[in-house]
Each structure stands twice: as structure tokens, then as C-alpha cells.
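Below is one structure, written out as C-alpha cells; comments come after it.
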4 protein chains.
Amino acid sequence: MARLVESEQVEFVDESAITCDLVQAMASDAMVVNAARVSHDRDLGNFISSDEELTDKDRRLIGFLMENRHGTPFEHNAFTFLVSAPIAVVREHHRHRIGHAYNEVSGRYTKLAPRFFVPGLVRMDSADKNKYAFTYASDPLADEVRDHLATACANAYQDYERLLDLGVKREVARGVLPVYTMTRYYWTCNARSLMHFLSLRLQQDAMEEIRIVARHAYSALRDLMPTTYLAFSASGWTAP
Amino acid sequence: MARLVESEQVEFVDESAITCDLVQAMASDAMVVNAARVSHDRDLGNFISSDEELTDKDRRLIGFLMENRHGTPFEHNAFTFLVSAPIAVVREHHRHRIGHAYNEVSGRYTKLAPRFFVPGLVRMDSADKNKYAFTYASDPLADEVRDHLATACANAYQDYERLLDLGVKREVARGVLPVYTMTRYYWTCNARSLMHFLSLRLQQDAMEEIRIVARHAYSALRDLMPTTYLAFSASGWTAP
Amino acid sequence: MARLVESEQVEFVDESAITCDLVQAMASDAMVVNAARVSHDRDLGNFISSDEELTDKDRRLIGFLMENRHGTPFEHNAFTFLVSAPIAVVREHHRHRIGHAYNEVSGRYTKLAPRFFVPGLVRMDSADKNKYAFTYASDPLADEVRDHLATACANAYQDYERLLDLGVKREVARGVLPVYTMTRYYWTCNARSLMHFLSLRLQQDAMEEIRIVARHAYSALRDLMPTTYLAFSASGWTAP
Amino acid sequence: MARLVESEQVEFVDESAITCDLVQAMASDAMVVNAARVSHDRDLGNFISSDEELTDKDRRLIGFLMENRHGTPFEHNAFTFLVSAPIAVVREHHRHRIGHAYNEVSGRYTKLAPRFFVPGLVRMDSADKNKYAFTYASDPLADEVRDHLATACANAYQDYERLLDLGVKREVARGVLPVYTMTRYYWTCNARSLMHFLSLRLQQDAMEEIRIVARHAYSALRDLMPTTYLAFSASGWTAP
């Protein structure tokens, strides 16, 4: 049969390809302070601008809000990220519903790219079966696992293309693609919903791959809202 | 008894004091286009930047999203407003829950200001009792109504101060303050939640005072996301 | 002028009239267990029915979920309450957005009832100005305050009826009604959103009147989901 | 190498295995009526009980709410379903965030079952490439496609078990499993969020597999809230 669908070169990527790049943001500690202060300060006499240095009093206010779980002042801001991650990660990520918006590459509307996640560090079962514990595989076992994963993904992509060649609709053909297929999505959240995400996904028992996404997002919080970041870190990642 | 609480001059304001000022925004039609296009364009080859002019194709895409109620691409943005309005308006406004954040002056934490709404245009019952129909009162009836409203509010504030003088906690004393007491709050939303708000609050049967807030917010949408604004207007204000 | 609007007898109510009655519920600890267990038990072999007694293992699972803030298993249930409370309480209550639904008597669509909250116990400022501290007024001061509140509310209602008499639309006339006007609303939530509400509104620094609502709702949780209730109480009211 | 992981018999299922069974519900048209009526009827004099027959007036009220997109009265109810579907469907389903709760089998916590979706009816590209159009494959092409899908899935499961045998953690090994792997989850929503889901997922351009889930849920709405169902259907599936 004449090949209708162009066969593409399969690519394997490791942890370094799991990215979460800040696309745009509207975020400042100053706005947290203003939003909190509006409840006490009916004339907004102590309104501060976003480029102003925070005073010690401002910083203490943010600490107080965090400790006492007054969450709403942290909602007047927004971060948009472009994330690259395997489908397995997206499945966890998209469980975060409130204050999170997503738009992702669709296997219905486009041919998915032949790009698969193959971990550089391979997590193996540890003796401690009940907890989220693991050891990393050493070579040559790690290599064997990676080869196995890569081959399985490559085979799946070949099957995918074969089905497309037969004229099967993309949304059906992609049924064979594995959850380590890389995908891409825009993600918008605010500091409060971000901190809730981080409180779960920075933890040591979170899945390694989503922790990579979390650490990227965490650093955006640090850069744009340093006082909020410090207060959140000091709280042991307890979201307000 | 010696007066402990300083008596304040009561102020009456009309429709012009109902304001909704844009404090900050992260909003562009370009981001709608990019967020929508990520589903089709796995390599983001057609990514556009926020200062780029939209092409006709981009504009048609936004129209398509609006018509077909694909709402998520309109969520990657944020608007923060500072609103001044009577409590009666806030009560309606805060019913909007999803994608809306609020922080308001608190009658528990501060003495509320002696500022009351007295409408310039007084809505009277019309013969058509069942529908949201009204006529505006003419003078001298309008004046009589306004006097009445103003006096009632001034009396309530006097009662409020009297109770504070007696040492009653603010949160109890404010129990006498009327729902035409002016208040102030920060409001953050995204274009999708904003359009949902507008779809209900721009309508002719929405309460006049909240329509003022809605019109202010509508103009922010127009200024920052003109293509989205046009598509939304063309849809008869049907939120995606 | 001939009176068009029938004048109604004003009624004053105290804390005992702040109610939160369970109207309907679909809630069981068993469903929490099943929802949590679906992640581990692919064949639902350990599915339990809602009238079954929980085992110790089931109870420990609920404790584990609460401690580790796995919140979603607590969302597969619903409680509907009918609440009576002053507007001041509703304003706080309706700030709870996610997982909460409300429908309230509308001052636009009906003449509001002449029913006002006058606290039996009157909270007075304490020397400790900065914290949420108070003392209760003793008689005769308490009586004086109550008289004052009652008179202010009665006067406001008289003004309201007077304005209605003049033909002013209800939504404008109600502008004079105080935030201690009693109102009524349906409230639906799930155990997770309820616990989040309780975590803030059972606290000692929550406003007394909303704590009454919270305590009523808390007892519904206790009656219908006793294991969840115990685990939540043991956590110090930290919502998962 | 000694096999540590027990090899399981692979099973292939078709459309009939995509199910959405009602597990529990608290739902009635009467509650919609009551919730809507509370805004007009301050004394709840027209409160109806859930087993009462609706009057024509009640039915017209529900029609009015639907037409005018008054959504909140439809939120005082809840439906819990147990859904079986391929991962590809879950990915679409879980994009529905507001008013939807989910708990799913986890590939981190359990070995996933060797159960794969292979469609009985195979959708093929139609000449009309731009629209969501398709034809069904006839035999022998349909058989060839099904064989292909089944073989690919079986191979992936063999790879999965092989990786588990090597001691790879479940969350990594499952990386090779395809998105046509069957999964299972609890889903709780209310009539409003359900109708929003249906408005998108009953449509002819929705993916066939999720339409099966939607039709099951639609019939639950029909059985428990027949007047709401009729009004929603009459509106052309426009969610309020």
C-alpha cells in the first residue's frame, strides 16, 4: 500500500525535556498587601504600588495571611506557563481544577509528535513496598529498562502511523499511543491555586516527573512574589 | 456621656460614584489565539506575540471559539478592578463564584465610612408589575424619595456611631447600616468569567446599579481584548 | 396619601432564630472509603455499601486521607440546608465560592419581611483592641443597646414601607434596610467544601452569628458522616 | 529470569464496556422549584416536597429558568456515577472542572488491568477533512484495524509486565500503556455541571466514546429530574 502518512523520526527525551516556561505573568507581593489591606483600610491610604519595596510591616502582613490561611488576597494575580510533559504527568496535573486553566495539544485535531519520555533515572521498587520509596536502577539494568521503554514507544508510534496509513481517524489511531508520549499545554493559575498545586506536588511522595513541573513553577513564584514565596516555604508548603 | 467615637460628616453619592477602575491586567487577544491553536499546532509554529496585529484568520478563530462555546482559551488572562458600589450591588456581584476573586472593606475590622448611595434617577413601579419594567420619578417626587433615602441613611449612621460610642463592637453596631452603604473591593476575574458576569449583568433586566459596574468592566474588555469584545458583542453577550 | 402597601408588624429575633436546617442529604462515610479505594482497588473488590458498618481499616483510611489532605474522596456527597440569618452573615457566607451553591430571598422580587436580628448577647469592645476579643454587655447597658438596635431597624422598615407607598421599586426602597435584616437561603455543599467552611467559621475568631450556622452544619456532618466528622475534629478542623 | 509478576490474560472490550452507572443520587425537580421560588416567596409558602407531582406552574418555572439561564437552582442536587472508559475518554472528561469530582484507579498504586478498548465500529477519515466527519470501516478493513489495535495493546501490556518483572516501579512501567487502556472512576456532579458537560459531549462533533458516557448520564437526568431533562432537551442542550 502506498504510504499516505509521512513517517517521522522518533525522538526520546529525558527529564530535561519536562519544562514549564513562564509565558506571561501579572504578579506582585504588593497586590497581596493591597488586597488584604482593603479590609482594614477603607480609604486605601496605605495602598502601595507594584514596584515599591515592601516594608517590614507589609512582609509581616503576608506572613500573617499565610499562617492564618486567609487565601483570597493571593488570588489577584495570574501566571501563564507553557508546559512540556508526558501524558502521565498531564493526567495528574489536570486533576487540579479550581483556579487552573489548561489548553493542550489534541490528538483529535493533529497528528501527535513522535516524542517520548524515557527517564534518565529509572525508579525501581524498594524493599519498603508500602511507602513511596524507591531506588534508582544502576547500569546495565537502567539501560535495559530504558531500551525497553524506548522500543515499546517506538513500536507504538509505528502502529499509530500504520493505522493512520489505513485511513483510521486520528482520534482512534492514537489509542495505541502510550502515556509517556510527550504533550504540551498552556497552564494559567493564580498564586493561591499555584500554592495549592505546589503543596501537593512538591512533596517527596509526589511523582518525580510532576515535581519537575512543580519546581519550575515554584521558581516563578520566587522570582515574582518573593515575600509570598518565603512565607509559603516557611509554612512548610501549606497553601492558604 | 463623653463621645469616644469621632462623628463623621455623612456624604451622599449618586450613580457617578459607582466605579470599577482597572488596577492591573494581563490580557490580549493574541493569548486566546495561542491557547486555542495549541490544540492543532503541536509545534506552536503559529504562535503570535501579544503586541502583534491579529490576522483575519486569527480573528475568525476567536469568532469560532465564541460561537461554539469553546471557553478555555479565554481563561489565560486576568483583570483586577477596584470597585466602589453600594452593599446591595456587592451582594449580587459576589454571587459570581467561579473565576472571580474578591477582597472587600470589612465592617468587622474598620469603622465603615459615612457614604451612602442615593440614586440620581429614581426607579418607580410601572403598571407592568410582572416584568422588570419601571419609570423614572419626576420632580418633586424624585426629590422626596431622595430626601427620604438620604435621611434614613443619615439616621442609620447616627445610630451606628451612637452604638460605637456605647462600646458596642463594630461588627454588631454595623447591623443598623443599610444596604445602600457604599463599600469598596478588589475584584479579579478572567475574560471568560468576566463574559459570564457580563452576559447576566449587562442585560436590560439586570439591576441598574450593577449594570454600571458591568459597563465599566465591559470597556476594559474592549480596550484590552478588542477582537474578543467584538465577538462577544456579536454573539448577543452569550458567554463561551 | 392612601396607603397602598400593607404595613406589617415588625418582629425582632435573637440568636435562636439563626438556623441551618438540613433539607436533604446524600452523604456517607462508606462513599468516602469507596472513592478513596478505587485508586488502589482496580476491581472494587472491597467496595462497601452505605449502610454497612465501617471496619477499623476503613476508619484508618479516612483518618489517613484527612491527615494527608487527600480531599477529593470527600466530594462525592451533598448536603442541602435551609438557612435563616441576618444579611451580615450571608455576606460572609457567600464568600465561600467553590463547592457551594446558594439561592436566597430577593429584595428585587419580593417585599422583604420585617424581621430583624437583635442579639441576646451584646458583644462589647474589650481593652484588647487588636485581637478578636470582646466582653458581653450586662444589663442595663445590654438592654439599651438592644433597644437601640431594635428601634433603628423598626425605623428603617418604616422608611422602607413609606418608599414602597410612594411607588418606589422594591429594589431601590430596600436600600434603607439594615444588614441585620433577616433573610433566608438554600445552601448546598459537599463534605469537603463544608469542612473548608467549618475550618474558618467554627474558629473562635469567626463572627459569633456565622459560628451558629457553622455549628448547625457541623452537627449534620456528625450525624451523617461520623467517621469523617471525628477525623476532621481530630485534625483541629483542618480541611483536607 | 524468574517471573515475579503474574502474567494476566489480556481482555479486549468494545463500546458496550464503556459504562456510566448511577451509584447514588439526590435529585428532584421539586428542589429546583423550591430553590428558585425562595427568591420570590419569602415564607416558602409554596414549598413542595420531592415526591409531589409538579404542577404546570412548576414546570413553566423550570422552563423559564432554563431559557433565561438562571443556573443556580439546578445546583441543589448530586449524582454519583461509576464510569468505565478508556484513558482517552477520561482525559476529555476530566477537563470538566467546576462542579465535578473524580476519583480514579491509579497506575501509581496498583497494577493496571489488562483491559483494552477496541472499537466495534471503526471511524475512518472521510473526504471532508476539515469537519468532524467520518465513515465506518467495513470488513475486512475494520477487522484489520481492530487486529492492529488489539495487537498493539497486547504488546504494550507485555512490555508493562516485563518492566514490572525487572522491578521497575509501577508508575514508570505504566509509561508504555496506551490511552486505550480501560480505567474506572467515580464521578460526582450536579444537574447544572452535568448539563454543561452534556451540552458539549452529547453534540455530534463530540468524540463517540465520550458520547456514550454522556448518553448514560443523560438518561439518569431523565429518570430523576424529568422536567429539567425536558426543558434542557427543548433548549437544544444549552446549559443554564
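The values are calculated or read from the model by the stated rules, or taken from the named source; none is laboratory data. Source: prediction; values computed, not measured. For neighbour counting, all protein chains shown are included, and Cβ atoms are generated from backbone atoms with ideal geometry for every residue, glycine included. Just so you know, the surface numbers come from the protein's heavy atoms only, side chains and all, with ligands and any DNA or RNA stripped out. Shrake-Rupley method; radii C 1.70, N 1.55, O 1.52, S 1.80 Å.
Observations on the model:
- Selection from segment B:18-43 of residues that are within 14 Å of chain A (Cβ to nearest Cβ) and over 14 Å from B:Pro73 (Cβ atoms): B:Thr19, B:Asp21, B:Leu22, B:Val23, B:Gln24, B:Ala25, B:Met26, B:Arg42, B:Asp43
Rundown of residues vs (1) within 30 Å of A:Tyr185 (Cβ to Cβ); (2) modelled with pLDDT under 95; (3) crowded, with 16+ Cβ neighbours inside 10 Å, yes/no style:
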residue: A:Asp14; (1), (2), (3): yes, no, no
residue: A:Arg37; (1), (2), (3): no, yes, yes
residue: A:Thr72; (1), (2), (3): yes, no, yes
residue: A:Glu104; (1), (2), (3): yes, no, yes
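- Residue check, D:Leu149 farther than 17 Å from D:Tyr109 by Cβ and within 7 Å of chain A (Cβ to nearest Cβ): yes
- Segment D:183-223 - residue that is touching a residue at least 12 places away in the same chain (Cβ under 8 Å), hydroxyl-bearing (Ser, Thr, Tyr) and assigned to a helix (DSSP H, G or I) and, of those, farthest from C:Ala35 (Cα to Cα): D:Ser199
- Matching residues in segment A:39-58 - criterion: being surrounded by 17 or more Cβ atoms within 10 Å (Cβ to Cβ) and either closer than 30 Å to A:Val118 by Cα or in contact with a helix residue (DSSP H, G or I) (Cβ under 6 Å, 6 or more places away or on another chain) (or both): A:Ile48, A:Leu54, A:Asp58
- Test: A:Leu112 is part of a loop (DSSP other than H, G, I, E, B) and surrounded by 17 or more Cβ atoms within 10 Å (Cβ to Cβ): yes
- Looking only at segment C:171-182, residues that are part of a helix (DSSP H, G or I) and facing another protein chain (nearest Cβ under 8 Å) come to 5 in all.
- Residue match in segment A:129-145 (condition: within 28 Å of D:Ala88 (Cα to Cα) and modelled with pLDDT of 95 or more): yes
- For segment D:1-51, the candidate set comprises residues that are polar (S, T, N, Q) and part of a strand (DSSP E or B); within that set, the residue that is nearest to the chain's Cα centre (by Cα) is D:Thr19.
- Listed conditions (1) at pLDDT below 95; (2) under 30 Å from C:Glu6 (Cα atoms) are all met by C:Phe116, apart from (1).
- Within segment B:33-72, the set of residues being over 12 Å from B:Thr227 (Cβ atoms) and hydroxyl-bearing (Ser, Thr, Tyr) comprises B:Ser39, B:Ser49, B:Ser50, B:Thr72.
- Against the conditions (1) at the interface with chain A (Cβ under 9 Å from one of its Cβ atoms); (2) surrounded by fewer than 20 Cβ atoms within 10 Å (Cβ to Cβ); (3) part of a helix (DSSP H, G or I), D:Asp143 satisfies every one except (1).
- Qualifying residue in segment C:227-235 (condition: within 8 Å of another protein chain (Cβ to nearest Cβ) and part of a loop (DSSP other than H, G, I, E, B)): no
- Residue match in segment B:152-161 (condition: more than 14 Å from chain C (Cβ to nearest Cβ), buried (at least 24 other Cβ atoms within 10 Å of the Cβ) and either at negative phi or part of a helix (DSSP H, G or I) (or both)): no
- Criterion violated by A:Leu121 - all others in (1) open to solvent by 60 Å² or more (accessible area, probe 1.4 Å); (2) away from chain B (no Cβ under 14 Å); (3) modelled with pLDDT under 95 satisfied: (3)
- Index of the failed condition, D:Leu61 passing every other in (1) away from chain C (no Cβ under 14 Å); (2) assigned to a helix (DSSP H, G or I); (3) open to solvent by 20 Å² or more (accessible area, probe 1.4 Å): (1)
- Contact map, segment C:146-159: first residue farther than 15 Å from C:Met182 by Cα, second residue part of a helix (DSSP H, G or I) and of a type in the set (D, E, K, R), Cβ cut-off under 7 Å, separation 6 or more or different chains; pairs are C:His148/B:Asp159; C:His148/B:Arg162.
- Residues satisfying the stated conditions in segment C:183-239, i.e. among the β-branched types (Val, Ile, Thr) and more than 17 Å from the chain's Cα centre (by Cα): C:Thr227, C:Thr228, C:Thr238
- Matching entry among A:Leu164, A:Leu194, A:Leu200 (being more than 9 Å from chain D (Cβ to nearest Cβ), hydrophobic (A, V, I, L, M, F, W, C), surrounded by fewer than 22 Cβ atoms within 10 Å (Cβ to Cβ) and out of contact with any Asp or Glu (no Cβ under 8 Å at 6 or more places or on another chain)): A:Leu200
- Every listed requirement among (1) open to solvent by 50 Å² or more (accessible area, probe 1.4 Å); (2) assigned to a helix (DSSP H, G or I) is met by C:Thr135 save one, (2).
- Of all residues making up segment B:87-104, the number that are more than 8 Å from chain A (Cβ to nearest Cβ) and either in a helix (DSSP H, G or I) or farther than 28 Å from B:Val33 by Cα (or both): 9
- Residue check, D:Ser84 in contact (Cβ under 8 Å) with a residue 12 or more places away in the chain, of a type outside the set (A, V, I, L, M, F, W, C), within 13 Å of chain C (Cβ to nearest Cβ) and farther than 20 Å from D:His196 by Cα: yes
- Test for C:Met26: is it at pLDDT 95 or above, touching a Ser or Thr at 6+ places or on another chain (Cβ under 6 Å) and buried (at least 16 other Cβ atoms within 10 Å of the Cβ): no
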